[in-house]
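In what follows, a single structure is set out as structure tokens and then discussed.
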Amino acid sequence: MGLKKAFFLLAVICLVGSLLLTAAVWAVCSAIRSGLPEGGISFGPDGMITYLEEPTGKQRVLSEALGYLQIFSCILFPVCGLAGAGALFYRLKCKAPIRILQEGVRRIRNQDLDFNIPTVSDDELGQLCAAFETMRAELMKTNRELWRQAEERKRLNAAFSHDLRNPVTVLKGTVKQLRQGTADEQALSRLESYTLRIEQYVEVMGSIQRLEQMPVCKKEISCAVLLEELEETARLLAPKLRVSVCAAKRNGEPVTGRQSLAGTVLLDHGLFLTAAENLIGNAARFAESGISVRLDIRDSFLSLVVMDDGPGYPAALVQDGPKPFGKIKEDAEHFGMGLYVCRLLCMKHGGMLTLENVRGRGAAATAVFQMNE
């Protein structure tokens, strides 16, 4: 029941009760006054005059008091009824929600978001409590995201600083050789190579920061289009490997890229393709004979599973997840950022990235994207 209906109902009940009480007081006072002598004379049917008993002083005072009580009861009881209705309305409908909201505001002001605001009713104040709970949850989600971004930035800066130590040391040694005049063609080539490497590191750092600031723009995309794009990307990134691209309908039946996959999904097309390219490219580097790509739609989540028949992920990578500049093997052309970027994109899209090793031989990476608003 809404607040207006609740207050109206309580007011009507209290007013009816006060009127009944007023009527009862009026009837009792009238009955008492009728039993008191009034004095004066009375005329009989035959014209006989009879002198009535005169009231005593106390009886006269009592009769006047009863009259005043009847008049005051007509005013006092309805006013008390309305006051009682207001008190009951506050106690039954307002006291608990206001106390909960005050406590919630106090804890939010103290930067304490680890609590829940219960919804005590379905009326306007209950809806206000639910709105406060939604605001608290969003604040907590935002704070956790900011904390996660700060931690990721710390890890990224630490990894960047660690990987820069070797190039900087080499450059300092080469500069020292140049100053001493003992540098040869190999030293100059090394200087150029490590300078280019530092430049690439800076570009990678800049791209990561741009990805963190990039907004998520979800649009409806055809599932068949996504499947065809995955098949084309896999053919381009792994031209010498056996490639298998399929999808699972909502009923679980597999569908290949050349078949029609009905329906659409709501997601950021660019972020999805970037993550898919990173996963497929990473799988193509370590696969021996082939890779497989599977698209799976379950409830409000879209899963992209990329598998290869390579040696599999290291145990530390499966347990702790991808880290910035985490190279599985030393390669000057790769900085070990593909899986880390994919994990970042999945988290921006409300999902996650999980890595696991397949029984026997091979690795599987599952990127999950949230499709709803």
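Each reported figure results from applying straightforward, stated rules to the coordinates on display, with no laboratory input. All values reported here derive from a predicted model rather than from experimental measurement. So basically every Cβ, Gly included, is an ideal-geometry build from the backbone, and we count neighbours across all protein chains shown.
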Query raised in the report: Computed FRET efficiency, Cβ-Cβ of ALA83 and GLU138, R0 35 Å: what is it to the nearest 0.05?
Result: 0.30
**Report entry** Rounded to the nearest 20 debye, dipole of the range 1-152 from Cβ charges on Lys, Arg, Asp, Glu
**Finding:** 360
Query raised in the report: Along the three principal axes, how long is the range 1-130 when you take its alpha carbons, biggest first, rounded to the nearest angstrom?
Result: 93, 27, 14
Requested in this report: With a point put 7 Å past each Cα toward its Cβ, work out how far GLN149 is from SER303 in nm, to one decimal.
Outcome: 3.0
**Report entry** Net charge of neighbours whose Cβ lies under 15 Å from the Cβ of PHE7, counting Lys and Arg as +1 and Asp and Glu as -1
**Finding:** +3
**Report entry** Simple spin-label estimate for LEU62 and GLU38 in nanometres, 7 Å along Cα-Cβ
**Finding:** 1.7
Query raised in the report: Which value in nm describes the separation of the simple spin-label points at VAL28 and VAL318, placed 7 Å from the Cα toward the beta carbon?
Result: 8.6
Report task. Report the calculated FRET efficiency for SER289 and MET352 (r = Cβ-Cβ distance, R0 = 30 Å), to the nearest 0.05. Result -> 0.55
